[in-house]
Every structure is written in C-alpha cells, then in structure tokens.
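Read through the structure below, which is laid out as structure tokens, and then see the notes.
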Amino acid sequence: TGQGPLVLVGAPNVGKSTLVRALSTGEPEVGNYAFTTRGVSLGHVYDGGALAGQVMDTPGLLDRDAAARNAMEDLTMATMDHLPSAVVFVCDLSGHAGERTSSPDAQLAVRDALRARFPRRPWIDVVSKADLYDAADAPPPPPDGALLVSVRQGRGLPELRAAVLDALAVVRRLTGGGGE
C-alpha cells in the first residue's frame, strides 16, 4: 500500500490474531495457547471499499530482557524497529492470558517499556476480551484512554475500527503514502 502498517503487539494469548481477523482480511491462526502466532501475517483494512492500509499480527512479547527473547519475539521487535508503523498494544487484563508468563502486571510492564521506546508512534491501547475483564475479580485498571473490546460480544469494535482508520491515515501522512 506504500506506507507502514499498523502493528498489533502484546503478550502471547491476548487476542491479537482475533482482532486482526475482526478488523481486516487477515486470517491468522487463532488458538487458546501461548505463541500460536509464530510469524507475522498481514490483513488489509478497507474503508468504504477503498484500501485504507494493512494491519500486522505479530508473535507475543514477554516481560524479559532483550537478550532473553526468542526468535519470534525478536521478529516482533524488528517490525517495530524497522517499519514506520502505528501500534495497537493489545492486553488481556482479565488474568486469562496465562498467569505465569502473561500476567496483567507483566503485560502492562511490556506496554510501558514499548511506549517509552517508541514515544512518537501513533498508539492505540486495547483491552481485549472485555467480557472476561468485566467478570474478573479486581482486575488492574487499563491504560488511560484504552478501548475495551470484546470480539465475542462485538463490543468496542466500531470504536477500534475508527481508531485504526485514523492511525493508518496518520501513518500515510507521515510516510508520504498519499491519502489525506
């Protein structure tokens, strides 16, 4: 499309692939286990029949030092390091993503580290699985301005889609990809 994509980033098993399926033509594998996504996959986002841009599904990131990351996590970081992209940071704060490696606190630590590393990127925070978040016992508060989304319930998807289209327009302007 001539511009950078919108990259979905977050811990394993937080719903990134499900969101890519809901927002785009992408059909990444979806599974209820960590590291279902082992590579990057793209989907196209359309607005009124016109191609608005691409979204990219990436492998999950764990809260650990760069030296401890596996090849899949390195791939996710490479997409952020080398592509002029917007970011959708996806977290599942309900506690259902996997307490050992993807606890809500660990997810928020990854979010904060990435936000500090990429402070100028167009950024959207998403709390996925909002239906589970609502039912959780004392979940942590979401990041300021985060969109609560439940694909299962269809909740928050119109707002997320509008935010994605806005972020893709910003990336087009910043990269000279045409459009607005």
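Would you calculate the separation in nanometres between label points at Ala78 and Thr175, each defined as 7 Å from the Cα along the Cα-to-beta-carbon direction?
It works out to 1.7 nm between the two label points.
Taking only the alpha-carbon positions of the chain and ignoring solvent, what does the Debye formula give for the base-10 log of I(q)/I(0) at q = 0.09 Å⁻¹?
Each listed q corresponds, in turn, to -0.27.
Determine the per residue accessible area of the chain with all protein chains present and a 1.4 angstrom probe, expressed in square angstrom.
Per-residue value: 46 Å².
Would you please put 142-150, 80-88 in order of how densely packed they are, using the mean number of other Cβ atoms within 10 angstrom per residue and starting with the highest?
80-88, 142-150
Can you give the three extents of the C-alpha atoms in segment 116-180 along their principal axes, from longest to shortest, in whole Å?
For segment 116-180, the Cα extents along the three principal axes come out at 46, 28, 12 Å.
From the mean inverse distance of alpha carbon pairs (Kirkwood) and the Cα radius of gyration, derive Rg over Rh for segment 86-153.
0.96
In the chain, what percent of the accessible surface is made up of carbon and sulfur (1.4 Å probe, ligands and nucleic acids excluded)?
Reported share for carbon and sulfur atoms: 51 percent.
The values are calculated or read from the model by the stated rules, or taken from the named source; none is laboratory data. Since this is a predicted model, take the numbers as computed values, not measurements. No Cβ is skipped: glycine too gets one built from the backbone with ideal geometry, and neighbour counts run over all protein chains shown. What goes into the accessible areas is simple: the full protein's heavy atoms, side chains included, and nothing from ligands, DNA or RNA. Shrake-Rupley method; radii C 1.70, N 1.55, O 1.52, S 1.80 Å.
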